[in-house]
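For reference, the structure discussed in these notes is given below.
The values are calculated or read from the model by the stated rules, or taken from the named source; none is laboratory data. Everything numeric in this text was worked out from a predicted model, so none of it was measured. In this analysis, Cβ positions are derived from the backbone assuming ideal geometry, glycine residues included, and neighbour counts consider all displayed protein chains.
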C-alpha cells in the first residue's frame with residue numbers, strides 16, 4: 001500500500017532513499033536546507049568502492065597510534081576539542097576493531113558492499129548519468145616494496161574470502177599506467193570492480209532529478225523541526241509545514257543532533273575531510289590512493305581532486321590547512337600538480353558510527369520513524385544499497401541482506 005513519507009537529507013543516501021521509495025509507488029517529499037548533493041556527498045573522492053568489503057579499522061599497533069597522536073601521519077589528524085568530544089565513541093571504535101570483532105563486522109558489512117555497483121547501475125541508467133561514471137577501478141599505490149607486499153597479501157585474502165578481483169602492478173607496470181608520475185614507485189594494487197565518478201555532486205543531482213521526474217517532491221526546510229503529530233510526522237519548510245505518515249532520517253553527520261534530541265544514543269562521531277582541485281598540471285588515469293601517505297588523487301571535471309584522510313574535529317570547528325597542505329606537498333613529489341582551482345579548500349564531514357556499520361531500520365522509541373545514516377567513508381558507495389534495504393523494511397518485505405546487523409536496536413536507548 002502506498003504511503004506518504006518524508007525523507008530528511010538530500011545527500012547520496014537521502015536522494016537514493018527518496019528515489020527508491022518513489023519507484024515503489026510511495027508519495028515522497030525530500031527535505032533539505034540546500035539543493036541535493038551539496039554537502040558530504042559533494043566532497044568525497046568520487047569512488048564507488050566495490051572492493052571495500054571490510055570497513056576501516058582503528059589502528060591496533062602502538063606505533064600507528066603514536067604517529068597519529070603526534071601528527072606524523074596525513075591520514076588522520078585531530079583538533080583537541082573534537083578528539084575529547086568524540087573520545088567515548090573512539091574507544092568503542094577501537095574495541096570494535098579488535099580482530100575477532102572486526103572480522104564479524106566485516107562479514108556483515110560485505111552484505112551491503114556486495115550490492116554497491118549493481119544497485120548504482122540501475123539508478124545510473126534511470127538517471128541517464130552514464131557520462132559521469134567510469135568502470136575502470138581504483139588503485140592503491142605504494143612507495144616501498146615492503147608495504148606493497150603486505151598489501152598484496154591482504155588483497156589475496158580478500159579475493160579468496162570475498163571474490164574481489166584485482167591486479168598487482170610492479171614498478172614498470174605502474175609507470176606505464178601512470179606516465180605523469182615523476183618518480184618510480186614500488187607498485188600498486190588495482191581493484192578492478194570499483195567505479196569512479198567525475199562529479200560526485202552531479203551524480204546525486206541526477207538521482208534527485210530522476211526522483212522529481214517520477215512524481216517526487218522536494219522542499220527546502222529545517223530537518224531539526226521534525227516533530228510527531230497526529231497521524232505521523234511534520235517538518236517545517238519554506239512552503240509551510242509538510243506532513244506524512246512516515247519519516248526517514250538520512251541526515252549524515254547531522255543525524256546525531258536530531259536523534260539525541262529525540263532520546264536516542266547512537267555512538268556517532270564526525271570525521272572531517274578536505275579537497276581541492278588542480279588544473280594545468282599532471283593527473284592520474286584512475287583514482288589513486290597514496291596508501292603510505294593517506295590521501296587520494298582522482299581525475300574529475302573540475303581538475304585533479306586531492307581528497308584528504310580524516311580529521312577528528314567538531315562539526316562546526318574552524319578549518320585547518322595542515323592536512324591538505326601536507327597532501328598537496330606529497331602529491332607534488334609525484335606530479336607536476338598545477339594550480340588550485342578554488343581560493344579555499346572545500347571542507348565536509350563524514351558520519352561515522354563506533355561499530356563501523358550504518359544505522360538502517362526502524363527507530364525504537366517512535367512509530368513510523370526510520371533511520372538511514374552513519375555510513376562513514378562509504379555513504380557515496382552505499383546510497384542505493386542502503387535505500388533498497390530500508391525500503392524493504394518499510395514495506396515489510398524480506399530484506400535482501402541481514403537487516404538485523406544494521407538495526408538501530410543494537411544501541412539501547
Checking residue 260 against (1) in contact (Cβ under 8 Å) with a residue 40 or more places away in the chain; (2) outside any strand (DSSP E or B), which test does it fail? (1)
Is region 21-43 home to any residue that is under 30 Å from residue 163 (Cα atoms), surrounded by 20 or more Cβ atoms within 10 Å (Cβ to Cβ), at pLDDT 95 or above and assigned by TED's automatic domain parsing to the domain that holds residue 401? no
Sole miss for residue 77 among (1) in contact (Cβ under 8 Å) with a residue 24 or more places away in the chain; (2) touching a helix residue (DSSP H, G or I) at 6+ places or on another chain (Cβ under 7 Å); (3) more than 30 Å from residue 329 (Cα to Cα) is condition (3)
So in region 309-331, with the set limited to residues that are under 21 Å from the mean Cα position of the chain (by Cα) and in a loop (DSSP other than H, G, I, E, B), which one is surrounded by the fewest Cβ atoms within 10 Å (Cβ to Cβ)? 316
Could you go through region 353-364 and let me know if any residue there is more than 30 Å from residue 53 (Cβ to Cβ) and surrounded by fewer than 20 Cβ atoms within 10 Å (Cβ to Cβ). no
Pick out the one residue from 381, 401 that is at pLDDT below 95, over 30 Å from residue 231 (Cβ atoms) and in contact with a helix residue (DSSP H, G or I) (Cβ under 7 Å, 6 or more places away or on another chain). 401
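For every residue, the table says whether it meets (1) in a loop (DSSP other than H, G, I, E, B); (2) under 25 Å from residue 355 (Cα atoms); (3) touching a helix residue (DSSP H, G or I) at 6+ places or on another chain (Cβ under 7 Å).
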residue: 106; (1), (2), (3): no, yes, no
residue: 109; (1), (2), (3): no, yes, no
residue: 151; (1), (2), (3): no, yes, no
residue: 161; (1), (2), (3): no, yes, no
residue: 164; (1), (2), (3): yes, yes, yes
residue: 175; (1), (2), (3): no, no, no
residue: 185; (1), (2), (3): yes, no, yes
residue: 188; (1), (2), (3): no, no, yes
Test set (1) buried (at least 21 other Cβ atoms within 10 Å of the Cβ); (2) under 30 Å from residue 98 (Cα atoms) - residue 293 fails condition number: (1)
Scan region 365-383 for residues that are crowded, with 24+ Cβ neighbours inside 10 Å and under 12 Å from the mean Cα position of the chain (by Cα) and report the count. 9
Some residue of region 280-294 being part of a strand (DSSP E or B), over 20 Å from the mean Cα position of the chain (by Cα) and modelled with pLDDT of 95 or more: no
Looking at residue 306 and the list (1) farther than 24 Å from residue 69 by Cβ; (2) buried (at least 24 other Cβ atoms within 10 Å of the Cβ); (3) touching a residue at least 40 places away in the same chain (Cβ under 8 Å), which single condition is not satisfied? (3)
Lone qualifier among 140, 83 - being touching a strand residue (DSSP E or B) at 6+ places or on another chain (Cβ under 8 Å), in a strand (DSSP E or B) and in contact (Cβ under 8 Å) with a residue 40 or more places away in the chain: 140
